[in-house]
Structure formats: C-alpha cells, structure tokens
Amino acid sequence: MTTLPEHSRLDELTTALASGRRSQGVIAEIAREYAVQGEPFAVFLEDLDLACTQANRRRAGVAVLRAAALAWSDSVLERTHASRCEDPATGLATLQHAQTQLSALYQASARTAATGVPVKQSHELVVVELRRPAPATACVAGLQLAAVGESLRMVFDGDEVIAGIGPHRAVVIAERTARLARACVQVAELLAAPRQRLRVGLCRVWLEPLPARHEAAQSLLGCLAASSTE
C-alpha cells in the first residue's frame with residue numbers, strides 16, 4: 001500500500017501540474033526538495049502519479065520527468081559531496097568535516113570544563129585567502145586550493161584539520177601554541193615563493209580567534225565560508 005505524501009508536497013505537485021507549460025521548472029524544484037529530505041526518486045514518482053490523478057492529468061511527459069530526475073540527482077550528488085571528509089578536487093577536508101571536528105573540540109572541552117582549557121584558549125583558526133583568484137572555474141579553483149594545501153601541510157604536519165571552506169579560502173584548526181604565529185609566517189613565506197606564487201597568486205594569511213561558545217564558532221566558520229564565495 002502506497003503511503004500518501006505530505007499534503008503540502010502533494011498540493012505543490014498538483015498545483016504545478018495545473019499550471020501547464022510552467023510546471024516543468026516547478027516540478028523539478030519539488031523533486032530537488034525530495035532529495036534534500038532523503039526521499040528516493042521512486043517515492044517522488046509515486047507522489048507525482050498521485051498528483052496527476054488529483055489534477056485530472058495524464059502522466060507527466062518525458063521532458064518533465066527528465067528535468068525532475070536531473071534536479072533530484074544533482075541534489076543527491078551535492079549532499080554526497082558535502083558529507084565526504086575530503087574534497088577529491090583539492091585533497092583538503094570539507095567544510096562539513098571541519099565543522100564536525102570543531103564541534104568535537106567544544107564537546108570535549110565542555111566535558112572537562114572544571115579542569116580543562118577552553119577552546120578559545122587552546123585553538124585558533126589559521127585562514128588562507130586567495131587575494132586574486134583565477135577566473136571562476138571549479139577546476140582552476142580546485143588546483144589553487146590544492147596548492148595552498150601543499151604549503152599548509154609542510155608547516156602543519158601533525159593531526160591538524162586542514163579544510164577548504166569555499167573556492168578562495170582554506171583553514172587550519174590549529175593548537176594555540178607559542179609557535180603558531182611563526183607558523184603563519186612560514187605559510188605566508190611558502191605561498192609567496194616564486195613557484196607557489198605562480199600557482200596561487202597573492203594570498204593573505206591570518207589568525208582567527210575562536211569564540212567561547214560552540215554555536216558562535218560554527219557561525220564564524222560559516223561566515224568565513226560564505227564570504228569566500230562572494
């Protein structure tokens with residue numbers, strides 16, 4: 001027995017079908033929502049058939065189904081990519097992995113609050129920004145960040161998380177030690193070397209203090225990532 005879809009989704013599909021030629025784009029967006037919610041494409045198709053029945057329409061045409069399938073699969077690929085620990089294009093950890101590791105630091109600190117050191121005192125973010133990024137193509141941006149990652153690993157060769165957080169920025173979740181400031185200088189020097197400068201262009205390197213609260217730290221990382229796409 002087929003489970004009826006939520007009324008809002010069924011209503012959206014029925015309304016889209018009734019809109020005629022404009023329905024293709026709307027139905028594709030609804031298919032994307034199904035993927036975001038983790039629903040299989042087969043479930044979307046069952047719901048679409050039910051909506052066709054309610055709208056007194058024939059089954060959706062090939063063009064509509066193709067647009068819906070592409071939208072659903074694109075969304076699934078985006079979610080799969082985001083859930084990986086490593087971005088295959090750059091070799092760097094993903095933003096989501098950096099967020100997870102940052103959460104783990106704050107959780108560990110909370111468990112040892114009486115005797116431990118707060119995260120804002122134990123760690124900082126090392127941020128590298130491409131100041132003059134190449135024309136916005138995924139391939140070139142990936143190559144540039146991969147080159148940045150090489151320089152970062154030469155300095156931070158322990159278990160630090162080194163992540164790409166957008167097309168133009170990378171971060172290191174680093175321990176706040178006496179050598180951290182010097183490490184940032186070393187990264188800047190490596191990136192300014194003639195060979196690396198040809199690969200990545202001008203770069204800016206700075207230390208970003210972490211806030212006291214976990215929520216604020218996640219917001220900070222999100223803001224750094226969002227501004228990297230501008």
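The values are calculated or read from the model by the stated rules, or taken from the named source; none is laboratory data. Please read these numbers as outputs of a predicted model, since none were measured by experiment. Using ideal geometry, Cβ is built from the backbone for each residue, glycine included, and neighbour counts are taken over all protein chains shown.
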- [ ] Name the single residue, out of those in the range 7-43 being at pLDDT 85 or above and over 16 Å from ALA63 (Cβ atoms), that is surrounded by the fewest Cβ atoms within 10 Å (Cβ to Cβ).
- [x] ALA42
TODO: Of the numbered conditions (1) loosely packed, with under 15 Cβ neighbours inside 10 Å; (2) at pLDDT 80 or above; (3) under 14 Å from the mean Cα position of the chain (by Cα), LEU77 fails exactly one; give the number of that condition.
DONE: (2)
Open item on the list: Checking the structure you have, find out if any residue of the range 105-127 is part of a loop (DSSP other than H, G, I, E, B) and modelled with pLDDT of 90 or more.
Closed with: yes
- [ ] Please specify each residue of the range 44-65 satisfying the condition of being without any contact (Cβ under 8 Å) to a residue 24 or more places away in the chain and either closer than 21 Å to THR15 by Cβ or in a loop (DSSP other than H, G, I, E, B) (or both).
- [x] LEU45, ASP49, THR53, ASN56, ARG58, ARG59, GLY61, LEU65
Open item on the list: Quick check on the range 159-182: of everything there that is outside any loop (DSSP other than H, G, I, E, B) and surrounded by fewer than 19 Cβ atoms within 10 Å (Cβ to Cβ), which residue is nearest to the chain's Cα centre (by Cα)?
Closed with: GLU175
Task: Residue, modelled with the highest pLDDT, within the range 87-103, restricted to residues that are over 14 Å from VAL172 (Cα atoms) and surrounded by 13 or more Cβ atoms within 10 Å (Cβ to Cβ) - done: SER103
Task: Counted residues, the range 44-64 - those being among the hydrophobic types (A, V, I, L, M, F, W, C) and surrounded by fewer than 15 Cβ atoms within 10 Å (Cβ to Cβ) - done: 2
